[in-house]
1. Inspect region B:282-294 for any residue being surrounded by 24 or more Cβ atoms within 10 Å (Cβ to Cβ) and of a type in the set (Asp, Glu) and give the result as yes or no.
2. Determine whether A:GLU118 is over 21 Å from A:SER245 (Cα atoms) and either of a type in the set (S, T, N, Q) or outside the structural domain of A:ILE364 (by TED's automatic domain parsing) (or both).
3. Could you give me the residue pairs with C-beta distances under 6 Å whose first residue belongs to region A:202-213 and is on the phi > 0 side of the Ramachandran plot, whose second residue is of a type outside the set (A, V, I, L, M, F, W, C) and not in a helix (DSSP H, G or I) wherever it lies, and which are 6+ apart or on separate chains?
4. Out of curiosity, is A:THR254 out of contact with any Ser or Thr (no Cβ under 7 Å at 6 or more places or on another chain), within 12 Å of another protein chain (Cβ to nearest Cβ) and closer than 30 Å to B:GLU352 by Cβ?
5. Only one residue in A:ALA26, A:ALA14, A:ALA22 is in a loop (DSSP other than H, G, I, E, B) and either within 23 Å of A:ALA154 (Cα to Cα) or assigned by TED's automatic domain parsing to the domain that holds A:ALA203 (or both), so which one is that?
6. Residues that are aromatic (Phe, Trp, Tyr) and either modelled with pLDDT under 95 or under 26 Å from B:ALA365 (Cβ atoms) (or both): does region A:26-45 have at least one?
7. Which number in (1) under 25 Å from A:GLY38 (Cβ atoms); (2) surrounded by 18 or more Cβ atoms within 10 Å (Cβ to Cβ); (3) within 11 Å of chain A (Cβ to nearest Cβ) marks the one condition that B:SER409 misses?
8. Looking at (1) under 15 Å from the mean Cα position of the chain (by Cα); (2) closer than 30 Å to A:ALA358 by Cβ; (3) not β-branched (Val, Ile, Thr), which one does A:GLY221 not meet, given that it meets all the others?
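The values are calculated or read from the model by the stated rules, or taken from the named source; none is laboratory data. Keep in mind that what you see is a predicted model, and the values were worked out from it rather than measured. Here the Cβ positions follow ideal geometry from the backbone for every residue, glycine too, while neighbour counts run over all protein chains shown.
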Amino acid sequence: MTAAPRPDVVIVGAGIVGAACAYALAREQLRVLICDAGFPGGGATAAGMGHIVVMDDSPAQLALSALSRRLWEELAATLSLACEDERPGTLWIAASGEEFSALDEKRALYGRAGVRAEILDEQTLAAAEPNLRRGLAGALFVPDDRVLYPPNAARWLLDAAIERGAELRIGSAARAVGAGRLTLVGPSGAVETVEAGAVVIAAGIDTPSLIPGIAIVPRKGHLVITDRYPGLLHSQLVELGYLHSAHSMSGASTAFNLQPRSTGQVLIGSSRELAGRDASINPAIVRDMVARAVAFMPALAGCLAIRTWTGFRPATPDKLPLIGPWPDLPGVWIAAGHEGLGITTATGSAALIAAGIAGRAAPIDATPFLPSRPMPAMEAA
Amino acid sequence: MSDHHAVDVAVVGAGPAGLSAAVHAAESGARVTVIDQTWHAGGQIWRHRDRAELPDEARALMARFEASGAQHLAGTSLFDARPGHLSVLGPNGSLELIAGAVVLATGARERFLPFPGWTLPNVFGVGGLQALVKAGLEVNGKRIVLSGSGPLLFPVAATLAQHGAQLAAVCEQAPRGRVTRFAASLWREPGKLAQAARYRSTFRHVPFRMGTWIERAEGEGRVQRAILTDGTRRWSVDCDMVGAACGLIPSVEVGMAMGCDIVNGVVAVDARQQTSVAGVYAAGECTGVAGEDAAIVEGAIAGLSAAGRPAEALYARRDRGRAFAARLETAFSPRPELRDRADATTIVCRCEDVRLDELRAEWGARQGKLASRAGMGACQGRVCGAALAHLFGWEAPRVRPPLVPVPVSALRPAEPLRD
């Protein structure tokens, strides 16, 4: 057996972010090796909703999510059917008049980022989503937001990378990372050190095991999925207060976030809590989340819930992902800490990583994401 | 609406094991609540419309149950289970049962192994067909092929014959040698032999073919013929209905949800019928398929143990039942050829219409589910999970609440817990 040629880049983690990096780097004509301790897309990628959404918690988040959504749009025509890619748009629901008055500013922000958005008043919202409770003040409709099925999207990105020469190793766990060097333990227990021009760590919540001290913690979320109710809702429905729930790191929070799947099923979210890595279902959180969902959409009460699960978002203290070179180890790059936006921002993150490794100018200002940035202390749970 | 209710012993399932557990715990002075999804006590084995149809033993146990003071929550689903804590949904809404001890008597269900045509209309399970007939499905004059395994075949064939069905074939997949050895071992249980003979007499003109199984079902829009095989030759039998399954598998999901050790597909129990989780007991088919006699004695031990009473006097009888279960397992385990029936286009997950060629054996259950949706549907992988375990050796799907589909409102409290 001849030794495989030395890869230009080795990527740790074949979740959606690692997969997007593999695809972007393979398109740069680089020789890519991507490895994962488990199977591709089996971590947070498998647990998430798959909402491709522009978010405006900060200017940097807005820039990255808008870029990322554009990149998903470019891929849309080529994605496999199994990716279940659709464009239902997002309705940001304003429950009160006070919230409604904030929509103007949100629309203007989106507009400046090149993101189409329109304000729906009470009647227009009721007509668009008749199953929402009456009396909601209105909504901001973002028509180009998408929904896809993340595990298969990750798989598609990997296959597209493999088509361009990338190599995927499943069951290969990264044990240690050094400057341009990675030690892997294969499925049979064989230890191997791979040298590469660059090492990209896209290991989500497992990143700290390779990069001690990096500011990423697991932030647990719950989701409930229903049986099939086609037409119950048409767009992804998110309460305006969602941003607050996502932003505040203290304590547990839930927010109304409802997604129509292409199957007719409805995904009910969302929750956030710091609970270590305890994956068990927290009935109190589920109750809270479901109560909120039913309060917004009473018809949901009679729909059959068929499954509940949890997942762990890789969260950072300043709510922005870590994308760029790791200052302590030359040749080591980080693409991790995407919290609940990893599916959306995988493509943009990959574009930043690819530009960085290829030595090209980044498509957006990369400095807010640099892993070397000063980080506030993580708030206590 | 959500309410709390505290009991000494909660019993999950009102079949023979559950009723026996409830009777013995209640007669020991414990406050007992039995929950069951169906409307009538008796479980699958004693499913009935008129109690007079049932064997004496069943009627006696039911009468004793009714007199025991145990509460029966019928038409009630268990959708979340932790030790000492059961979330149930009944006709009057959801209820939180706080129980000092829990007895799992969750029974067994049919094992469906996919073959071409198994999703055609009028192809049912073996026990499933019996249940439908008892619920009123008309089979008079219908030509029916039964292809199954184990002692369930005879009573089902008998039920069909008694309802006027024209049995076209009754096939046991286990080879003749295994069946014969099993039958020979029944001299120790003359009652079981006599019962089998009584059932057989109701369809005595129909050949009982051992070492024979259905290979495929064919027809336009519904099943019209079954292709049977004995491994060397194959032949076609015209029919209107097919009952096909491959014996029973223990229903262990509630045990899994409670964190009980599952060993070789059954809820593991000690001599007192206690599971690996203190205060959680199990009895009947969920601890291994052994029939109603074993279930009744195991239920008795579990009920007494849960109520803090000794039960050693019953151990010897229970152990005989366990030995019978082991003989059943040896005799009627699925033959390897059943695995080869499914072709590339055979549906392996009915809920999500997943074909065999959409799956790859090297995936485990979770990767397979995520990639193909197999097991994601409303049956929560209860049907395809066993099939995929058989076809690929995949592990059982994980169990998470809700244990059965329930309305979203059942997951919601009377008022939000927090702001």
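1. Yes.
2. Yes.
3. A:GLY204/A:GLY15; A:GLY204/A:GLY43; A:GLY204/A:PRO314
4. Details: out of contact with any Ser or Thr (no Cβ under 7 Å at 6 or more places or on another chain): no; within 12 Å of another protein chain (Cβ to nearest Cβ): yes; closer than 30 Å to B:GLU352 by Cβ: yes.
Here the answer is no, as A:THR254 does not meet what is asked.
5. Working: A:ALA26 fails: in a loop (DSSP other than H, G, I, E, B); A:ALA22 fails: in a loop (DSSP other than H, G, I, E, B).
Answer to the check: A:ALA14.
6. Keep residues of region A:26-45 that are aromatic (Phe, Trp, Tyr), which gives A:39.
From what is left, the residues that are either modelled with pLDDT under 95 or under 26 Å from B:ALA365 (Cβ atoms) (or both) are A:39.
Yes, the conditions are met somewhere in region A:26-45.
7. Here B:SER409 meets the rest and fails (1).
8. Single failed check for A:GLY221: (2).
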